[in-house]
Each structure stands twice: as C-alpha cells, then as structure tokens.
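The values are calculated or read from the model by the stated rules, or taken from the named source; none is laboratory data. None of these values were measured; they are calculated from a predicted model. So basically every Cβ, Gly included, is an ideal-geometry build from the backbone, and we count neighbours across all protein chains shown.
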Amino acid sequence: MKKLLLILFVLVFFVGCAFNSNEDQENGDPDVNQQDPSEQEDEDKNQEMDLMFTDPVETQAANTSFEAAFENQHRAPGIITTTPLKVDVLFDNLSSPWGMDQLPSGELLITEKGGRLLLVSDEISVIESNFSNLIVAGQGGLLDVAVSHDFEQSNNVFLTMSLSRNNLTFTALMKGQLSDDLSFLNNIEVIVEATPGVNSVNHYGSRVIVDNNGNLFMSTGDRQISSNRQSVQDVSTGHGKIIHVDRDGNPIMQDKFDDNQDLRVYAYGLRNAQGLAFDYDQNILYVSDMGPRGGDEVNIVTYGDNFGWPLVSYGTEYNGALINDGLTQLENTVQPMYYWDPAIAPSGMAFYNHEYIKEWENDLFVASLVQRHLIRLKIVDGKVIGEERLLETFNDRIRDVLVLDNGYLLAISDSGVLYQISKQ
C-alpha cells in the first residue's frame, strides 16, 4: 500500500509541474524564456522559404563607386536552389530567337529577330505571316510575342517589332489573328507606334505582356541617340516608356498625371527596357531596364512612375564619364528595386507563380545577355533578399525566359538554343 501511495504522489507531483509550466507559457510569465513575436514571424518566414544564403554572386569589380540607397539594392546575398534540377536542350537550331509565349493548347510561339514566327511543340514549323515595313537591322526586327487571354475565342496574339517608314524607325505593337490550324497569321495591324520616328536602329525596347484584365503593357527604349535622350522625360512621346493600352491600342488610363501626357503613357524614364513580367496574384508589373556602363535595373511599376533616365543613373557613359554629374537620386524619380554593376544587360523576365518548384514561388527570373546566365531574384515585401545564377555553365546570352503551365522554366538564347529547366 505504501508503495502504491508513493507512486501516486510522484505522478501527481509531475503532472502538477507540467500543468504549471504550460500555464506559465500561456499567461506570459516573465520567468519563461519567450521569443519576441516579430522574431518568431521572421524565423517562420525564413523556415517556410528554407533559403540557403551564400556570398553575393557578383565577384567582379564595380564600374562605379556609387553607394546603394538601401540595403540589398545592389549585390544582395547569394541564394542556392536546393531542389535538384536538370537542364535539357530542347532545340539548338533557332535563328536569333527573341520572345516566346505559350498557347492554351500547350504549343509555344517563338519570334526570331529576322522576321519568322515559329510554332514549337515536338517539332518546329514556321507560321506564315507578312509584317509590312518590318526592318531587320541593328537591334531591330521581330521582337516579342504575347498570347491574348481570350485566345480560345479570338485567336489573337500581340507582337512588338521595329518598323521603318520614310527613312525613320519606330517601335511598334501589332495585333494578329492565328488561323485555327495555327499555320497562318492573318489580319495583322499596327495598334501602337512609339513616336516620333527617328534615324536609329537601336534601343527599341521592347516587350509586351497581358495584364489581368486582358489589356497590354508594352516597353520601349530611348533609341540610343544622345540628342534624343530628353524625349524619355517628355511624356508626350513614346520613347523610354511603359505603354498601357487595350487590345485595340486605346489608352486605359483616363486621368493624366501630367498635362502634356499621351494617355497611353503609363510610366517613363527608361533607357532600353527589354523585360516585362507580371505577378497575376498581386497585380504587380515588373520592368527590367538596361543601364549604360553599369546601372542595369529591375523595378516595380506603378502609374506615373519616373525611373529617372537620363537624369539619374547608377552607371556611367561607356567612356566612363558621369551622367548628369553622377546623380543617383533625385526628387520625384523612383529608386531601382535592384541594380547591377558591372552590367548584366537584362532582357526578358518571368515571374514564377507556380507550386511545381515550391522554393521558387514568387521569384523573379531575369535573362542576362552580357554575363550569360539566368538570374533568380528572391523578393520579399517588394525588396530583393537574394540572387542566384542559373545556366552559367552554358555560357550563352540568355534573351528571354518563360514559366510554362506545368511549372517548367524555358529560356532562349541568342545562339538559338531553347533550354528547359525542371526537377531531376
């Protein structure tokens, strides 16, 4: 009996201690070692992302000594994808591919700078088309392509290209209609021209992307004429702009942010914007812009934004001269979300909104021409917290990137290769 009573006493003692311990934690007893809620939130967020940080991926010396405006605006910590990946070369016989998008039926549309529109599945076929006044010279040609969100009803696709008329060149946005068998592009019409025309074959931009409402964003460049740079700050022109129009080229915005504004102008102050990406869940538009010697940027775009070119830049002229006395910050201009120095020459972009590779969710992928790789940016609350380089071993100028419906990642290169990145 004494043994039984002793056992019962011990059990009651330990149960009581356990109860008091739990009660102390719930009531916030100061003697209990508790973690600050904000610290716990950050820890939970990091555990959820399961990030592996390294030193910054950029190891080359910068071209300038400019200081970043805030932490991780430049040379953020490196990150490493922990999911085992494999890279497949799907095709290596494309001719200067420039843009791509996926049809609802799964096939790809790929543009070639020389003027061909390709249909790509298990094989490649050329879609018959006639692009009047297309000029293929310098950085110009057949550029980007985007599939209309109502394609299954309309068969509409949108393309950007360089046009020539009366010895002047323009960046243009076209609309066309694919035949039901996807072999012809019919009813091709110009719906936007970035005016005025100039005598240049460079810095056209340009990308086109469809937003949540089926309307279009288009990017343009400054046309690389020193005397024309200030037109980027003139919101009545189409140079160095983000254009926002409906499927027929009509302006979306009705309220002007500037009295002189062409209502199709959504944002301005860009040098040569060759990348657009859209976060369809959060309704956020991203743009990449090529700086001069350094100062390549990625930005979040909102209506009326002035990204500053040529008034401010984190780069210099190609000869090393300062731009506007080396200003990097100026009132009423937007600071880059992230910038690179030395230059990477950012081109196409894609926002990863898929669960296939969980750790890539809500990441931004940026094609790099000069440094020959694909960049992954980890973005949290509108700030870059990490950067990774993919496809480095191929040493290829990456022109565009696309997230497929199944979550695979595609990239095209100037050398004509179509890469596919997926899980092992």
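Laid out as a table, the results:
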| item | result |
| --- | --- |
| Qualifying residue in the stretch 225-241 (condition: crowded, with 21+ Cβ neighbours inside 10 Å and in a strand (DSSP E or B)) | yes |
| Residue list for the stretch 370-393, restricted to those being in contact with a helix residue (DSSP H, G or I) (Cβ under 8 Å, 6 or more places away or on another chain) and not basic (Lys, Arg) | His373, Val380 |
| Any hit, the stretch 245-262, residues being surrounded by fewer than 16 Cβ atoms within 10 Å (Cβ to Cβ), among the polar types (S, T, N, Q), out of contact with any helix residue (DSSP H, G or I) (no Cβ under 7 Å at 6 or more places or on another chain) and at pLDDT below 95 | yes |
| Index of the failed condition, Ala62 passing every other in (1) touching a strand residue (DSSP E or B) at 6+ places or on another chain (Cβ under 6 Å); (2) of a type outside the set (Asp, Glu); (3) part of a loop (DSSP other than H, G, I, E, B); (4) farther than 21 Å from Ala172 by Cβ | (1) |
| Among the residues listed as Ser206, Ser219, the single one being modelled with pLDDT under 95, in a strand (DSSP E or B), surrounded by 15 or more Cβ atoms within 10 Å (Cβ to Cβ) and among the hydroxyl-bearing types (Ser, Thr, Tyr) | Ser206 |
| So Ser148, is it hydroxyl-bearing (Ser, Thr, Tyr) and either farther than 21 Å from Val210 by Cα or out of contact with any Lys or Arg (no Cβ under 8 Å at 6 or more places or on another chain) (or both) | no |
| Strands (runs of 3 or more DSSP E) enclosed by the stretch 329-424 - at least 3 residues per element that are surrounded by 20 or more Cβ atoms within 10 Å (Cβ to Cβ) and not aromatic (Phe, Trp, Tyr) | 346-352, 363-368, 373-380, 383-390, 398-403, 409-413 |
| Residue within the stretch 271-280 that is touching a residue at least 12 places away in the same chain (Cβ under 8 Å), more than 20 Å from Tyr204 (Cβ to Cβ), surrounded by 16 or more Cβ atoms within 10 Å (Cβ to Cβ) and within 17 Å of the chain's Cα centre (by Cα) present | yes |
| Restricting the stretch 72-130 to residues that are without any contact (Cβ under 8 Å) to a residue 12 or more places away in the chain and assigned to a loop (DSSP other than H, G, I, E, B), the residue that is farthest from Ile421 (Cα to Cα) | Ser105 |
| Matching entry among Arg376, Arg399 (being closer than 22 Å to Val208 by Cβ and either in contact with a Phe, Trp or Tyr (Cβ under 6 Å, 6 or more places away or on another chain) or touching a residue at least 12 places away in the same chain (Cβ under 8 Å) (or both)) | Arg399 |
| Output for the stretch 180-203, where each listed residue is farther than 21 Å from Arg116 by Cα and either surrounded by 15 or more Cβ atoms within 10 Å (Cβ to Cβ) or of a type in the set (Val, Ile, Thr) (or both) | Ala194, Thr195, Gly197, Val198, Ser200 |
| Pairs with Cβ under 6 Å, 6+ apart, first in the stretch 311-340 and farther than 16 Å from Ala267 by Cβ, second polar (S, T, N, Q) and surrounded by fewer than 14 Cβ atoms within 10 Å (Cβ to Cβ) | none |
| Test: residue in the stretch 281-288 that is assigned to a loop (DSSP other than H, G, I, E, B), among the polar types (S, T, N, Q) and free of Cβ contacts under 8 Å to residues at least 24 places away in the same chain | yes |
| Single residue of Ile412, Ile357 found to be within 30 Å of Trp309 (Cβ to Cβ) and of a type in the set (A, V, I, L, M, F, W, C) | Ile412 |
